[in-house]
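Visitor: Right, I'll just put the structure down here and ask away after.
The values are calculated or read from the model by the stated rules, or taken from the named source; none is laboratory data. Fair warning: this is a prediction, and the values are worked out from it, not measured in the lab. Please note: Cβ atoms are built from the backbone with ideal geometry, for glycine as well, and neighbour counts cover all protein chains shown. Heavy atoms of the whole protein, side chains included, go into the accessibility calculation; ligands, DNA and RNA do not. Shrake-Rupley method; radii C 1.70, N 1.55, O 1.52, S 1.80 Å.
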Amino acid sequence: MISGRSAEHEQFAASLHGMLAAADVPGAARQWAAGDRSGGLALWRKLAGAGVTALAVPQRWGGLGASPLDIAVACEELGHHALPGPVTESVAVVPWLIAALGDETLAGRWLPGLAAGDLIATLALPPWRPFAADADAAGLVLLAEGDTVWLAEPGVAHRSVDPARSLFEAGGRQMLARGPAVAGAIARAMEVGALACAAQLLGAGRAMLAASARHAGQRIQFGRPVGAFQAVKHQLADVAIGLEFAGPLLDEAAAALAAGGPARDVSAAKVACTDAASRAARTALQVHGAIGYTEEHDLHLWLTKVRALAGAWGSQADHRARVMASLATAGPSSWT
């Protein structure tokens with residue numbers, strides 16, 4: 001059990017893991033990449049039944065009003081199974097941002113649908129998140145920039161390194177909110193996004209470690225499983241250590257976000273989870289050998305997911321700079 005998590009958190013994670021393991025998530029991801037959303041949307045409906053889409057929605061609007069740690073636990077499992085779709089945006093950021101705007105009309109218009117899973121949402125948040133992920137599959141697209149939130153529509157599409165992820169320019173067509181309070185809500189939404197993204201990376205890293213360990217026990221070289229060689233054991237051990245150290249940082253970041261603590265905790269978690277997942281990806285490629293490079297192998301889904309998420313919601317350089325600035329000034333840093 002990761003430090004900071006309760007037995008209820010572990011049970012919730014186990015239930016999500018069991019549900020997604022029983023589903024054909026790799027098949028749905030490949031369909032999503034080919035433009036067929038049916039399998040992916042069926043998975044989203046299952047997640048809605050499990051309460052995942054309601055986590056970040058306040059109770060008065062049909063949600064669960066869950067904590068950042070609850071959201072991190074869920075996003076970690078969604079990353080573990082490489083779920084297609086705008087996970088960070090729809091599960092965490094958009095419902096949190098709409099609720100933070102404090103506009104009863106906007107909240108009543110969209111939050112119940114998000115909680116029920118009837119609505120998938122995405123947003124662009126430039127300059128840190130310049131494109132809206134999977135805007136063609138979303139019923140709600142927002143553009144949050146500076147001190148303004150706009151209802152947006154998708155524009156020019158751009159390819160992502162992850163085939164099961166599309167990126168769209170977002171053009172604002174109706175201003176929803178503006179002002180200093182909105183600027184603060186947008187800056188905080190960036191923290192929520194970075195936390196959810198870090199959780200997905202941690203989950204993806206754990207999935208690749210498990211896949212590597214299985215393959216190392218099955219792949220035979222020189223008459224022995226490759227997992228019997230010390231060089232392979234050491235690489236897998238290094239991956240496991242990195243993931244184990246990143247987990248508590250993620251939980252601490254969730255606690256800090258809930259308490260309004262320093263933003264550096266979220267940045268530290270994003271750096272650690274990205275580094276750990278990237279090392280897991282490199283090691284997985286080495287353990288699997290040439291087959292790991294092929295699109296036909298499921299490992300490809302996690303490799304491309306990690307590459308896409310590593311630079312999303314703030315680059316490693318951005319987050320390291322925030323940690324250093326916060327430590328140098330002995331105070332919280334922000335994105336503004």
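Visitor: What helices (runs of 4 or more DSSP H), lying completely within the range 52-161, carry at least 3 residues that are farther than 27 Å from Ala207 by Cα? Let's see the steps before the verdict.
Guide: Details: elements: 68-80, 94-101, 104-116.
Fully inside the range 52-161 and qualifying: 94-101, 104-116.
Visitor: Keeping to the range 167-221, report how many residues are crowded, with 24+ Cβ neighbours inside 10 Å and polar (S, T, N, Q).
Guide: Matching residues across the range 167-221 total 2.
Visitor: Separate question: Considering the range 136-160 alone, what residues qualify as being of a type in the set (Val, Ile, Thr) and either touching a Pro at 6+ places or on another chain (Cβ under 8 Å) or buried (at least 21 other Cβ atoms within 10 Å of the Cβ) (or both)?
Guide: Here is the first cut: in the range 136-160, the ones of a type in the set (Val, Ile, Thr) are 141, 148-149, 156.
Of everything in the range 136-160, those that are of a type in the set (Val, Ile, Thr) and either touching a Pro at 6+ places or on another chain (Cβ under 8 Å) or buried (at least 21 other Cβ atoms within 10 Å of the Cβ) (or both) turn out to be Val141, Val149.
Visitor: Going through the range 34-51 one residue at a time, which ones are within 15 Å of His17 (Cα to Cα), part of a loop (DSSP other than H, G, I, E, B) and out of contact with any helix residue (DSSP H, G or I) (no Cβ under 8 Å at 6 or more places or on another chain)?
Guide: Start the filter on the range 34-51 by keeping residues that are within 15 Å of His17 (Cα to Cα), which leaves 43-44, 46-51.
Keeping just the survivors that are part of a loop (DSSP other than H, G, I, E, B) gives 50-51.
Residue satisfying the conditions is Gly51 alone.
Quick grid of which residues meet (1) under 26 Å from Pro127 (Cβ atoms); (2) buried (at least 22 other Cβ atoms within 10 Å of the Cβ); (3) modelled with pLDDT under 95:
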site	(1), (2), (3)
Pro225	no, no, yes
Ala268	yes, yes, no
Val287	no, yes, yes
Tyr293	no, no, yes
Lys305	yes, yes, no
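Visitor: Counting only residues that are in contact (Cβ under 8 Å) with a residue 60 or more places away in the chain and open to solvent by 10 Å² or more (accessible area, probe 1.4 Å), how many does the range 20-40 have?
Guide: First, the residues of the range 20-40 that are in contact (Cβ under 8 Å) with a residue 60 or more places away in the chain: 20-21, 26, 29-30, 32-33, 37, 40.
Restricting the remaining residues to those that are open to solvent by 10 Å² or more (accessible area, probe 1.4 Å) gives 21, 26, 30, 33, 37.
Result for the range 20-40: 5.
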